[in-house]
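Colleague: The structure is given below, and queries will be raised subsequently.
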Amino acid sequence: MAQISLTFPDGNIRQYPAGTTAAEVALSIAPGLAKKAISASVNGAHVDLQWPITADAKIAIHTMADDAQALELIRHDCAHIMARAVQDIWPDVKVTIGPVRDYGWFYDFDRAEPFTPEDLGAIEARMKQIINARDPVKTEVWDRARAIAYYEDRGEPFKVELIARIPEGEDLRMYWHGPWQDLCRGPHLAHTGQVPADAFKLTHVAGAYWLGDATRPMLQRIYGLAFKNRDDLKAHLTMLEEAAKRDHRKLGREMELFHIQDEAPGMVFWHPNGWTIYRGLEDYMRRRLMRAGYKEIKTPQVVDRVLWEKSGHWEAYRENMFIVEVDEDGAREKRINALKPMNCPCHVQVYNQGLKSYRDLPLRLAEFGSCHRYESSGSMHGLMRVRGFTQDDAHIFCTEDQIEGECADFLGLLSSVYRDLGFDKFDIKLSTRPEVRVGSDEVWDKAETALAKAIEMAGYSYTINPGDGAFYGPKLDFKLTDAIGREWQCGTFQADFNLPVRLGAEYVGEDGAKHHPVMMHRAILGSFERFIGILIENYAGKLPFWLAARQVVVASIVSDADPYVHEIVDALRKAGLRAEADVRNEKINYKVREHSVGKVPVILAIGMKEVEERTVSLRRLGDNITTSVPMQTAVMTLTAESLPPDQR
RNA sequence: GCCCUUAUAGCUCAGCUGGUAGAGCACCUGAUUUGUAAUCAGGGGGUCGGGGGUUCGAGUCCCUCUGGGGGCACCA
């Protein structure tokens, strides 16, 4: 039998007969390792222990100590065990697919009746029985005809369709968890008992389209979570509870920031507190943009459909536009307008006023543009996805040669803004030319290279999404990471070779001829609504002092202190701080609690001692220590702290 | 838009198998002048998201519309 040589992580090389399994390799090293082994990596591919190794390779044996591999196997086996449990209980349910995802897995089933929460309990119980049975996991490679015949015979049409979608020449692997069988590319654990019986949980049921295609049947998806041990599961559940406490919809109500009501779904009613935050953020962005050489403009919200037809939006996005009809006296036809879904066509109109020279470029037009999009009912979510929103939008009209410089400047601005707002980490994704596109290959080459080069020069790394660019140009997407590790796509920088041509934007070049500029669409926050939602969740409502709606509450302890309380509030307000007096007839405990719950960063408590000494008792949110400071010192300190980051 | 689910006082929630609604907080009034996360007492407040139906009778069952939530699809 032919020999193969396997290279271990420590550099050791050993010879084995071809077809040796990873289990046999582990046993050849040490019986202890064989016992602990759960899977192996062969040339970087994660495979199960039964996998025959047929050629020279690098190999690593994994144990439960290898988190990434262990969790993948546990979650993947959970998916199979759950599917088996479901078919044990309801034999007529059809199975489809069940991948590992996030902190667990899901599995999609075809079943006439949806699963109920009680069903989940029954499934969990059955899963535990399967785990405790320690059923062996077996695998075999089947040929297509046999696999198709098998599934047709068993009445599993989704599996038959899956097989048809697997490329010819690729092995079809069958897995058995005890008597239950599933088509799967693996890898899996050696027996069901290796899945910790107390470290998984079925969380919820949801509908999901077969193959993610809205024209295909809707399946019943069950989501589950799985970890290596009970404590990890508990820690994750606790984390989820913590995340729920940060929910901006909940905090938005508690902190009296905004509300949304039935008569205007997806539209925000900003309350005084919320609007203060909004304005703070807008003022900050305006200063940053002005400093970076942008010119602010304001364009109409209601625009005749003619413009949207010219820009191409009418054809592509009419379904998602709010239409405004006007019945003008004597007019044969109603005039049809649309609420603008985006600002760019209007910005081109501003650009088009007056003849532009190459000397005018780059021209950076910014707008806090109020846009409306008729988002589908199921997609709306608090502030995160709304129908009426305001972008920190701008369009840079420039030449192809200026793309790189503009991109570099934009990167500098974006990273600085994110840092100021408390986000130190963000990822960049470069999406390159799709199959269907406008513009010559030379222009695409130039633009893609310019974007990549600008990122590299700035010292950032990026990933490429090949073919994911818009038809009109390549783009960068920026995803920031929040305090609890969630990612939010906010910033974007997109080249557009199309719209300037469609809407006739031109400039006179050095050569005296007319050219179309490139238009760079760009945003840093994305939408103010959504970004404020992200800020609230990132800070769990405890916004930085400069953004907090109510910065200071001055609370009296006895009513004899009221005049002094008002004097302090006046002094703070005169210094530009957002301060309020609380002279209600309540105990200081009550006031401290209420304003702490309301996330007020600073509470000044005032009793007779403070009145006599002309001091304040200062307490910061989250601390339960108080310090006694002279009133004037407190005003000065807090004033300094209240400066936005760009003004310090 | 699709699947599931949900909609009871300002908020959070209770209301068994159908017989015309309760609690805590909030609010108002009074007492209390209080030292850093909820002082005590009293009071007002909802016809149960809208519409339709079944029934002698519906918050409670059915249909439908609207909104919310969890996902899927969508996201210029």
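The values are calculated or read from the model by the stated rules, or taken from the named source; none is laboratory data. Since we're looking at a predicted model, the values are computed, not measured. So basically every Cβ, Gly included, is an ideal-geometry build from the backbone, and we count neighbours across all protein chains shown. Each accessible area value is taken on the protein alone, full model and side chains, heavy atoms only, with ligands, DNA and RNA left out. Shrake-Rupley method; radii C 1.70, N 1.55, O 1.52, S 1.80 Å.
Colleague: What are the extents of the Cα atoms of region A:148-203 along their three principal axes, in Å, largest first?
Modeller: So the three principal-axis extents are 38, 24, 24 Å.
Colleague: Using a 7 Å offset from the Cα along the Cα-to-Cβ direction at both A:A197 and A:F8, what is the distance between the two label points in nm, to one decimal?
Modeller: With each label placed 7 Å out from Cα toward Cβ, I get 3.5 nm.
Colleague: Can you tell me how region A:254-362 classifies by the Cα gyration tensor, rounded, prolate or oblate, using a/c under 1.5 as the rounded cut? It would help to have the intermediate numbers written out before the result.
Modeller: Numbers: a/c = 2.56, a/b = 1.09, b/c = 2.36.
Note, shape of region A:254-362 comes out oblate.
Colleague: Same structure again: May I ask you to compute the full-extension gain from A:A206 to A:M380, defined as 0.36 nm times their residue separation minus their alpha-carbon distance, rounded to one decimal in nm?
Modeller: Taking 0.36 nm per residue and subtracting the Cα distance, the gain is 61.0 nm.
Colleague: Sticking with this one: Taking the alpha-carbon centroid of each part, what is the distance from region A:505-551 to region A:228-255 in angstrom?
Modeller: Comparing the Cα centres of region A:505-551 and region A:228-255, I get a distance of 30 Å.
Colleague: Take A:E325 and A:A483, extend 7 Å from each Cα along the Cα→Cβ direction, and tell me the distance between the two endpoints in nm.
Modeller: My value for the distance between the label points is 4.9 nm.
Colleague: Would you please classify the overall shape of region A:158-277 from the alpha carbon gyration tensor, given that a ≥ b ≥ c denote the square roots of the eigenvalues, rounded means a/c under 1.5, and beyond that prolate means a/b larger than b/c while oblate covers the rest?
Modeller: oblate
Colleague: If packing is taken as the average count of other Cβ atoms within 10 Å, what order do A:608-615, A:380-387 fall into, highest mean first?
Modeller: A:380-387, A:608-615
Colleague: For each pair in A:K295/A:K334; A:K58/A:K138; A:K228/A:K429; A:K138/A:K201; A:K228/A:K542, compute the distance between the two Cα atoms and list the pairs where it is over 27 Å.
Modeller: Listed pairs above 27 Å: A:K295/A:K334; A:K228/A:K429; A:K228/A:K542.
Colleague: Loop only by DSSP, 13 or fewer other Cβ within 10 Å of the Cβ. Give me the GluC sites (Glu not before Pro) in region A:381-486 that pass, ordered by residue number. Don't skip to the answer; put the middle values down first.
Modeller: Numbers: sites: A:E400, A:E404, A:E406, A:E435, A:E442, A:E448, A:E456; in loops: A:E435.
Passing sites in region A:381-486 are A:E435.
Colleague: Roughly what would the spin-label model give for A:A145 and A:V302, points 7 Å off Cα along C-beta, in nm?
Modeller: With each label placed 7 Å out from Cα toward Cβ, I get 7.0 nm.
Colleague: While we're here: Placing unit charges on C-beta atoms (Lys and Arg positive, Asp and Glu negative, everything else neutral), compute the dipole magnitude of chain A about its Cα centre in debye, rounded to 20.
Modeller: Working: 80 positive and 94 negative charges, 202 e Å.
So the magnitude is around 980 debye.
Colleague: Further, regarding this structure: Got a sec? What order do A:D427, A:D496, A:D409, A:D560 fall in by accessible area at 1.4 Å, biggest, i.e. largest, first?
Modeller: Ranked list, largest accessible area first: A:D560, A:D409, A:D427, A:D496.
Colleague: Take the Cα pairs of region A:395-455, get the Kirkwood Rh, then feed it into Stokes-Einstein at 25 °C and 0.890 mPa s and tell me D in µm²/s.
Modeller: Details: Rh = 13.1 Å.
D, rounded to a whole number, is 188 µm²/s.
Colleague: Summing +1 for each Lys or Arg and -1 for each Asp or Glu, what net charge is found among the other residues whose Cβ lies under 11 Å from the Cβ of A:F227?
Modeller: Net of charged neighbours comes to +1.
Colleague: How much of the accessible area of chain A, probe 1.4 Å, is carbon plus sulfur, in whole percent?
Modeller: Working: 15520 of 30850 Å².
Ligands and nucleic acids excluded, carbon and sulfur reach 50 percent.
Colleague: For region A:567-648, with every protein chain kept in place, what is the accessible area per residue (1.4 Å probe, Å²)?
Modeller: On the way: 4610 Å² over 82 residues.
Result: 56 Å² per residue.
Colleague: Over 34 Å apart: what share of the alpha carbon pairs of chain A falls there, rounded to a whole percent? Could you put the intermediate results ahead of the total?
Modeller: Values: 128456 of 209628 pairs.
It works out to 61 percent of all Cα pairs.
Colleague: Which lysines does A:K587 reach when only Cα atoms under 19 Å apart count, and residues fewer than 8 places away in its own chain are ignored?
Modeller: Filter leaves A:K599, A:K609.
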